[in-house]
Amino acid sequence: MKKHNCLTIFLFLLSGPFLPVIFLSAQTNKPLPQLGKAPIKEVIAAMTTEEKTKLVVGNGFRMPGITPQGPVIGQTQNKVPGAAGTTFAIPRLGIPSIVVADGPAGLRIDPIRNKDSSKTYYATAFPVATLLASTWDTALVRKAGAAFGSEVHEYGVDILLAPALNIHRNPLGGRNFEYYSEDPLIAGKITAAIVNGIQSNGVGTSIKHFAANNQETNRNTINTIVSERALREIYLKAFEIAVKSSQPWTVMSSYNKINGTYASEEKDLLTTILRKEWGFKGLVMTDWFGGKDPVAQMNAGNDLLMPGTSQQSQRIIDAVKHDSLNVKVLDENVEHILRIILQSPSFKGYKYSDKPDLKRDAEISRTAAEEGMVLLKNNNTALPLKNSKKISVFGNTSYDIIAGGTGSGDVNKAYTVSLIQGLTNDGYTVDADLKTAYTGYLNDQKAKHPKKGFFEEFMNPTPPAPEYDASNELINQKAAETDLAVITIGRNAGEGRDRKVENDFNLSDNEKNLIKNVADAFHAKNKKVVVVLNIGGVIEVASWRNNADAILLAWQPGLEAGNAIANILNGKVNPSGKLATTFPINYSDVPSAKNFPGKEFPEQATTGAFGMKLIPAEVTYGEGIYVGYRYYDKANVTPAYEFGYGSSYTTFSYSNLKLNTSKFTGKITATIDITNTGTVPGKEVVELYISAPGKSMDKPEKELKAFGKTNLLQPGKKQTLSFTIDAGSLASFDTEKTSWIAEPGAYTVKVGSSSKNIKQTAVFNLDKEIVVEKNHKVLTPKNDISGMQF
Ligand code: BGC
């Protein structure tokens, strides 16, 4: 035990069943204040500076083979092996250590402990965030969150390091699968739903990575140069919605700099905006090894430095000693941490079972997966598959499906249902020759690339197996013998690197040839070809889609992948997902293509944690607020599949759009009737966009302001959906006035089934300008970048 300036005395009370320990102060001989019993300020007053500096710095990082003990010996590092970190415990003041673990698609902990596989600790791999957003169903996402959070709780973890909600600025973003959308409204609402679900279990979340962290290239050094308006309207907005409507316990600051300052060292971001403007009540932690200067981080309101090193504690102690850090600041950081610890299961002594209900959660995961898959194309009702019994299944990932992305967004799950398994479970006959050829090939590939550890894989990822080159002879034979072809195209990515244009965004030659050859052979026999996209981020589809009769965007759907896909293919479930991110025709159409991933300054390179080379770099968000559909609309660039698009096995009509008033006086309610006009039951995602007058302000052509999803409507049945539009929905950020302003004039409400397919419109007027909110003048770019905006 460490030496304290208070003498620690153990008193054993003999009366109860337990033997509680009471610590007495050496000075006063009175019991020391205990967290949860004494006022927090008294607990802080009883802490030594050393204890405070240890509490604001995590217990270190344990990485098998690299830092087995961790830079600092963690007191509870063995409580949940595989968790990403813990905080420092101070038993004499009743302060326990709490455990934090990744990640956005399921709890990431070690599934096997001490090589003993008689008891396992697997978690459910839920569908990735891009899929969850494509459900447009906040109730469903909340339910998935509740299941997810129960695993966090039952495995003894206090805070989940998720959800992640950075904006899809560019399709090559390596972590886009962990993020929801190119649009801040849907990203914010889905985040709030999952946070509310997870936290309903009495565990915390960490919404990340705050903020403007939209690429992996040079992620620890990149200086994001971005306008105040784009920050406020696009990159901060989703966080704002999430904070205001779900109060996540924690926020994780991002690695990057914003307009010259590391996010974790930027007080205007972490205190002025997050706490003062938005009312955030929790604690802010760094991303792992994020930022540079621990004292600046403390001053900025970045309360907890993770995973924590002893050097960081020392620098903070020195700063207090030399008066370069006011102890009041440190006390505030400590208080934020203690207030979260007070709510934690560890503090409450929760007896976790290590037995979450994985069976129930797998079902929830499968349902969520089915709801977020997007039917991109379905010519001549190629789907559902009713009459096709014998299927030729092509594509590596049909046999080795990708449940989710890599890195901290990965999940150690007990199993993943492949597509062929899912089809077989549903009674289809999967062609045996193809199965033998593909599994043989994939086994050979695996033997060539033995499985690596997490860190090795992070530093040097195993390349995906090139698409198996099925011979024309085999393809022709199968076109004759079987009823239909299914081809899966797969993609994987993860933290640490961005994707590439060639052989990644664009299909490889093998993949293109496969689709073409299969289509030629099967179409010649009047048989159909269905393409399944098992991807976490956007790919090119326009050049090959004519070869497919149907395309199902299955995303990376979690551990029940094959069952969920099969349920859509066979029509048990009618697809109802819609895109929350645009599929452009060419990569060069992307508004940020010219400014991604920015420029490097290699001559200033330094060495960071684990010997990683750190190259200073900067990226300018020259497209301003024109990200995703805001750009494609304004610039009149036709995408392959637009934002909000998704097809169904049935059809819907939109009628009777009504506003409760035509004059805006603070709030307007819009209602619309949706009727299933087809022959099978289905659900429809309904999107409400607003076009502003755009006279005194530069405005996008339209912006998503509300959305909803119908219940499962039987053919002929109707549902009325209702949406509320408040003043904030009309406002844009006026940089000069540092205010959110709704300009006067005529606003058009556009309700549609996608951002291009607007079905009904209605107009209302705003007579006088409204200043909806005045904000602080902060995070101003150092250079004038207005000229770069669209
Ligand atoms: C990632 C975070 C993650 C953390 C802990 C970092 O590399 O950026 O998202 O939560 O590691 O594993």
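FYI, it's all coordinate maths here, none of it is from the lab. Given the structure is predicted, the values throughout are model-derived calculations rather than measurements. All Cβ positions, even for glycine, are placed from backbone atoms using ideal geometry, and neighbour counts span all protein chains on display.
Since only G453, A470, T429 are under comparison, the one whose Cα sits farthest along the positive direction of the charge dipole of region 426-470, derived from C-beta charges on Lys, Arg, Asp and Glu, is G453.
Net length available on complete extension from I615 to T661 is 10.9 nm, with 0.36 nm assigned per residue and the Cα-Cα distance removed.
The protection proxy used here, the mean number of other Cβ atoms lying within 10 Å of each residue, ranks peptides 116-122, 341-347, 437-443, 682-688 as follows, highest first: 682-688, 341-347, 437-443, 116-122.
Loop-located trypsin sites (Lys or Arg not before Pro) across region 389-442 with a Cβ neighbour count of 15 or fewer within 10 Å are K389, with loop assigned by DSSP. Please report the antiparallel percentage of the DSSP beta bridges confined to the chain, to the nearest 5. Bridges in the chain that DSSP calls antiparallel: roughly 60 percent.
Please work out the FRET efficiency for the pair A635 and K281, using the Cβ-Cβ distance as r and a Förster radius of 41 Å; give the result to the nearest 0.05. Efficiency computed from Cβ-Cβ geometry: 0.50. For T738 and D784, a Förster radius of 22 Å and the Cβ-Cβ distance give a FRET efficiency of 0.85, rounded to the nearest 0.05.
The trypsin sites (Lys or Arg not before Pro) of region 311-359 that DSSP puts in a loop, and whose beta carbon has at most 16 other beta carbons within 10 Å, are K351. Restricting the GluC sites (Glu not before Pro) of region 724-790 to loop positions (DSSP other than H, G, I, E, B) with no more than 10 neighbouring Cβ atoms within 10 Å leaves E736.
The H on the amide N of L657, modeled in the peptide plane, is under 5 Å from the matching H of D673, each at least 5 residues off or on a different chain. Relative to the longest principal axis of the Cα atoms of the chain, the long axis of helix 237-246 makes an angle of roughly 70 degrees. Going toward the positive end of the dipole of region 686-748, with +1 on Lys and Arg Cβ and -1 on Asp and Glu Cβ, which of I690, G745, G716 do you reach last? Looking along the dipole axis, the top candidate is G716. Across the chain the C-alpha pair distances fall into 20 Å bins from zero in the proportions 16, 48, 30, 6, 0 percent.
Here's the picture: charge each Lys and Arg Cβ at +1 and each Asp and Glu Cβ at -1 in region 237-365, and of L342, I241, V329 the one pushed furthest to the positive end of that dipole is L342. What you get for the chain, charging only the Cβ of Lys and Arg (+1) and of Asp and Glu (-1), is a dipole of about 1520 debye around the Cα centre.
Within region 590-650, the ratio Rg/Rh, alpha carbon atoms throughout and Rh by Kirkwood, equals 1.24. Net charge in the neighbourhood of G173 (other residues with Cβ under 13 Å of its Cβ; Lys, Arg +1, Asp, Glu -1) is +1. Principal-axis analysis of the Cα atoms of the chain puts helix 472-481 at an angle of about 70° to the longest axis. Amide hydrogen proximity for G204: with H placed 1.01 Å from N in the peptide plane, the residues at 5 or more positions away or on another chain lying under 5 Å are I159, L160.
Rounded to whole numbers, the Karplus 3J(HN,Hα) couplings from phi for region 211-228 are 7, 6, 10, 10, 7, 9, 4, 6, 5, 8, 10, 4, 9, 8, 9, 8, 6, 4 Hz, using 6.51 cos²θ - 1.76 cosθ + 1.60 with θ = phi - 60°, and x at Gly and Pro.
Taken one residue at a time, the phi angles of region 699-705 give Karplus couplings (6.51, -1.76, 1.60, θ = phi - 60°) of 10, x, 4, 7, 9, 5, 10 Hz. Gly and Pro are set to x.
Of all beta bridges that DSSP places with both ends in region 509-646, some 55 percent have antiparallel geometry. At q = 0.10, 0.13, 0.19 Å⁻¹, what is the log10 ratio I(q)/I(0) for region 243-381, with the Debye formula run over Cα points and no solvent? For region 243-381, the Cα-only Debye profile gives -0.50, -0.72, -1.09.
Report, in degrees rounded to the nearest 10, the 0 to 90 angle that the Cα long axis of helix 509-524 makes with the longest principal axis of the chain. Result, in degrees: 30. For region 620-627, putting each phi into the Karplus relation 6.51 cos²θ - 1.76 cosθ + 1.60 with θ = phi - 60° gives couplings of 10, 7, x, 7, x, 7, 8, 10 Hz, in residue order, rounded to whole numbers and with x for Gly and Pro.
For a straight C-alpha distance cut-off of 16 angstrom, the lysines reachable from K594 (same-chain residues fewer than eight places away being disregarded) are K500.
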